[in-house]
Each structure stands twice: as structure tokens, then as C-alpha cells.
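Here is the structure we will look at, set down as C-alpha cells.
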Amino acid sequence: MAGDVTTNEAERRFELRVDGKLVGFLAYRTAGPSLVLVHTEVGEAHAGQGYGGRLVRGAIEAARAEGRTVIPTCAFAVAYLRRHPELHEAVDPRVRDRIRAGVTTARVRARLARGREGRRDPGRRPPGQT
């Protein structure tokens, strides 16, 4: 498997190219001292070849090099991190235990929306309320 993960800051994503062709990307956004891993996508022709994992690991390495942590909200990134506990120290402490416990990405997002103290975001209403 050839190719390196590179950062495309203009598109806010990490990219993986093989033989000069884009095979996948991982979209991110910044949130304070963390990179939020939003979405991982690998082309259908390259699925199942480990490229998604390389993107997640590359994003984590880039975050560490900048002194940042990661917050995975992408289901693929969460699943990858569950399988690789050696990378848990790179996860933002606010969500680290939830990743270890196997909490869904929706619940991780909700936890972040409530903030560190666990309070609800005042702009959000519980489901079913208008």
C-alpha cells in the first residue's frame, strides 16, 4: 500500500493519494485545541484495503504533531479508535471514556453540545418538543 496522508487546509481535509490519484479523504474542523474528525470517505474501488484506517491514523499523527487532540464524530473514526486503544491518548479527554465504552457518535456529539459541565445547549430542544 503506497501513498502518504497529506493535509489539504483549503478543503479542511486529510487526503490519501496513491500513484497521484485521490483514493480517500477525511474531513475535519477545528474546535479549540482539538481536530474534529467529521467524515471519512474512500472511493468504492479502494474500499476494504485499509485506506480509511490510514487516513484516521494520519489525521491523529498530524493532530499530535500540532499539540492537538482529536474528537471523532465520524462513525468510521470512532470504530477505528475502538479497535486501536494505543491511540486513545490522542482523543480529547471530554470524550475519551465514551470512545472506550463504545458510545455512539451521536451521543459523543450530544455530549460536546452540552459542554464540559454536561449542561444542554440552550438552543437545542429535546426530541418531540417544538
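The values are calculated or read from the model by the stated rules, or taken from the named source; none is laboratory data. Note that this is a predicted model, so its numbers are computed, not measured. Cβ: placed from backbone, ideal geometry, glycine included. Neighbour counts: every protein chain shown.
Results for (1) under 14 Å from THR6 (Cα atoms); (2) touching a Ser or Thr at 6+ places or on another chain (Cβ under 7 Å); (3) among the aromatic types (Phe, Trp, Tyr), shown as yes or no for each residue.
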| position | (1), (2), (3) |
| --- | --- |
| PHE25 | yes, no, yes |
| TYR28 | yes, no, yes |
| ALA31 | no, no, no |
| SER34 | no, yes, no |
| GLU41 | no, no, no |
| HIS46 | no, no, no |
| ILE60 | yes, no, no |
| ALA63 | yes, yes, no |
| THR73 | no, yes, no |
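For region 64-93, how many residues are over 16 Å from ALA31 (Cα atoms) and either surrounded by 20 or more Cβ atoms within 10 Å (Cβ to Cβ) or aliphatic (A, V, I, L, M) (or both)?
In the first step, residues of region 64-93 are kept if they are over 16 Å from ALA31 (Cα atoms); the result is 65, 75-89.
If we keep only those that are either surrounded by 20 or more Cβ atoms within 10 Å (Cβ to Cβ) or aliphatic (A, V, I, L, M) (or both) as well, we get 65, 75, 77-81, 87.
Final tally of qualifying residues: 8.
Which residue, of GLU15, GLU61, GLU44, is under 22 Å from GLU86 (Cβ atoms), of a type in the set (Asp, Glu) and surrounded by fewer than 21 Cβ atoms within 10 Å (Cβ to Cβ)?
On the way: GLU15 fails: under 22 Å from GLU86 (Cβ atoms); GLU44 fails: under 22 Å from GLU86 (Cβ atoms).
The match here is GLU61.
Given the residues VAL78, VAL36, which is the only one that is within 19 Å of GLU15 (Cα to Cα) and at pLDDT 95 or above?
Checking each option against the conditions leaves just VAL36.
State the number of residues belonging to region 18-30 that are under 23 Å from THR69 (Cα atoms), surrounded by 15 or more Cβ atoms within 10 Å (Cβ to Cβ) and not hydroxyl-bearing (Ser, Thr, Tyr). Show your work before the answer.
So the first thing to find is which residues in region 18-30 are under 23 Å from THR69 (Cα atoms), and the list is 24-30.
Right, trim to surrounded by 15 or more Cβ atoms within 10 Å (Cβ to Cβ) and you get 24-28.
Among the residues that remain, those that are also not hydroxyl-bearing (Ser, Thr, Tyr) are: 24-27.
The number of residues fulfilling the criteria is 4.
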